[in-house]
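Beneath this line is the structure, given in structure tokens, with notes to follow.
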Amino acid sequence: MATYLLTGGCGFIGSHLAEALLARGDQVRVLDDLSTGKMENLRPGATLIRGDVSDAAAVRQAMADVDGCFHLAAIASVERGVRELLVTHRVNLSGTLAVFDAAARDRLPVVYASSAAAYGDAGPLPLEETTYPRPLSAYGADKLGCEQHARAAGQVHRLPTCGLRFFNVFGPRQDPKSPYSGVISIFCDRLSRGEGVDLYGDGEQTRDFIFVADVVAALLAAMDHASPEAPVFNVCTGQPTSVRMLAETVASLCDTPLEIRNRPARLGEIRHSLGSRGRAEASLGLGTPVGLRQGLAATLDWMRQNQAPAAPYPSSERTSMTMPTQSTAETPTISSAASGHPSLPSESGTAASTTWSAASDAASPAGTLGLIR
Ligand code: NAD
Ligand code: UD2
């Protein structure tokens, strides 16, 4: 049994990783400022330190006595990086440096989230890790910066790291309501309600959509590959899907007519994004990724269980679950999902549950794929 610091553990991907670590008996300490993460994403059994990853003292404190760190905390939005350059840079690059600095003291292994955004408009497709990156956004440039600093920390401090370039990740718990939501969460939310969807541009742009369970499998495997050589791996399916095809597939799974509202193409968008799985398959030993339809069915299944208009608890009980607000990270607030929130609702809105798959297994065939491998 190991103890891991998981930054961003109240976010979409982090909550699934926490679940997988806890299920195999590891201890999970989460560092999260709850800026985009949610308290209800804190998995029962995990401990939360509410603090800012760019606060070096808070990170050092959170890193005490752990065996390694999964670093996922970031402002995961290209658009916010455009509007709030210095804020996102502080979290996305300086926050990663704070993690590397704290880990370097004891040479603790760090697995961190990079992004396909580091490639920008590099080519040709599929993108290999050896492709020369050409980021198009500050977000992508900062993620590439994390990789460069990982290499430098490996050379200077012998810090073992492993970077994962996630492509377009989707699955249960991805928030469809934020202005930065991923297209799959938006389409699943709208179409499962019988509403229309917006299509930016001609809809023929393609993405490499990867289900969150496969991302978790890559994160777990990467911990054994952290090294001072600072390896970097794509986390992708190698399968392109056009946005129009995606809309049609979700509509057919929802058994609803597809109403498309055509919108102008987003500025600065990448036309095609497709990764090569070769290096990750060879080194991390990853299996065949979950198919798009299967992942979509699981996502829709979760969404239907969470779209009920009535909240699972009366608002007064929800208020009691809220963490005390804190203005600085110098005195991080610590709480435990198990002891502090014994009645955290499961995503099905029923009794507390430690795993998402337990609720969904019974509810749909898609649930049989589970999230933990
Ligand atoms: P998310 O927004 O759901 O999770 C990010 C978490 O980090 C949240 O819980 C948030 O509260 C926390 N956080 C943000 N700023 C923080 C700060 N200053 N201090 C402490 N915690 C902070 O996003 P996600 O989709 O789960 O992304 C996880 C990681 O994966 C990020 O590093 C992101 O850049 C990367 N990534 C995601 C995708 C994707 O498709 N979702 C693609 C490429 C890379
Ligand atoms: C994703 C990541 C981003 C970065 C980038 C790497 C998300 C949310 N964003 O940006 O953080 O890692 O990949 O290259 O995962 N679209 C529609 N209708 C909608 C919403 C989106 O047509 O309602 C289109 C959009 O114009 C784009 C595609 O769907 O062509 C995917 O959009 P996205 O926001 O899910 O992700 P992307 O690839 O822009």
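When you have a sec, figure out the Kirkwood radius of the range 1-146 from all distinct Cα pair distances and drop it here in Å to one decimal? Before the final figure, lay out the partial values.
Working: mean 1/r = 0.0642 Å⁻¹.
After inverting the pairwise mean of 1/r, the radius is 15.6 Å.
Counting other Cβ atoms within 10 Å, keep those with at most 16, restrict to DSSP loop, and tell me which GluC sites (Glu not before Pro) in the range 57-145 are left.
Numbers: sites: Glu79, Glu84, Glu128, Glu129; in loops: Glu84, Glu128, Glu129.
In loop regions of the range 57-145 (DSSP not H, G, I, E or B), the sparsely surrounded GluC sites (Glu not before Pro) are Glu84, Glu128.
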Q) In whole angstrom, how far apart do the alpha carbon centroids of the range 52-77 and the range 103-160 sit? A) 17
Q: Return the sequence-ordered ³J(HN,Hα) values of the range 112-127 in whole Hz as given by the Karplus equation 6.51 cos²θ - 1.76 cosθ + 1.60 applied to θ = phi - 60°, using x for Gly and Pro.
A: 10, 7, 9, 7, 4, 4, 4, 6, x, 9, 5, x, x, 8, x, 6
Q: Amide H neighbours of Leu48 under 5 Å, at least 5 residues apart or on other chains, H built in the peptide plane: list them.
A: Val30, Ser335, Ser336, Ala337
Q | Ratio of the Cα radius of gyration of the range 150-205 to 2.2 N^0.38 Å, where N counts its residues | A | 1.80
Q: Hey, can you grab everything whose amide H is under 5 Å from the amide H of Ile210? Only 5+ residues off in sequence or another chain; H modelled, so Pro and N-termini drop out.
A: Asn168, Val169, Phe170
Q) Mind listing which GluC sites (Glu not before Pro) in the range 252-308 are in a DSSP loop and have 15 or fewer other Cβ atoms within 10 Å? A) Glu259, Glu269
Q) Label-point separation (nm) for His157 and Glu195, each offset 7 Å from Cα along Cα-to-Cβ? A) 4.5
Q. Per 5 Å bin from zero, what fraction in whole % of the C-alpha pairs of the range 1-52 is there, up to the bin with the longest pair?
A. 5, 27, 38, 21, 8, 2
Q) Which cross-chain or sequence-distant (5 or more) residues have an amide H under 5 Å from the amide H of Phe233, H modelled 1.01 Å from N in plane? A) Gly163, Leu164, Arg165
Q: With no solvent and one equal point scatterer placed on each C-alpha of the range 116-243, evaluate the Debye formula and give log10 I(q)/I(0) for q = 0.09 Å⁻¹, two decimals.
A: -0.32
**Q.** Cut-off 15 Å between beta-carbons: net charge of the residues surrounding Ser283, Lys and Arg +1, Asp and Glu -1
**A.** -2
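Which of the trypsin sites (Lys or Arg not before Pro) across the range 249-306 are loop residues per DSSP, with 15 or fewer other Cβ within 10 Å? Each step should come with its number before you reach the end.
Values: sites: Arg261, Arg266, Arg271, Arg277, Arg279, Arg293, Arg304; in loops: Arg266, Arg271, Arg277.
Passing both the DSSP loop test and the Cβ count: Arg266, Arg271.
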Q | Distance histogram for the range 196-241 (every C-alpha pair counted, 10 angstrom bins, percent rounded to whole numbers) | A | 21, 35, 26, 13, 4
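Given Cα positions, please report Rg to Rh for the range 171-259, the hydrodynamic radius being the Kirkwood one.
On the way: Rg = 16.0 Å, Rh = 14.9 Å.
For the range 171-259, the value is 1.07.
Where a number appears in this text, it was derived from the coordinates with a stated rule and is not lab data. The structure displayed is predicted, hence computed values, not measured ones. Because the Cβ atoms are built from the backbone with ideal geometry, glycine has one as well, and the counts that use them run over all protein chains shown.
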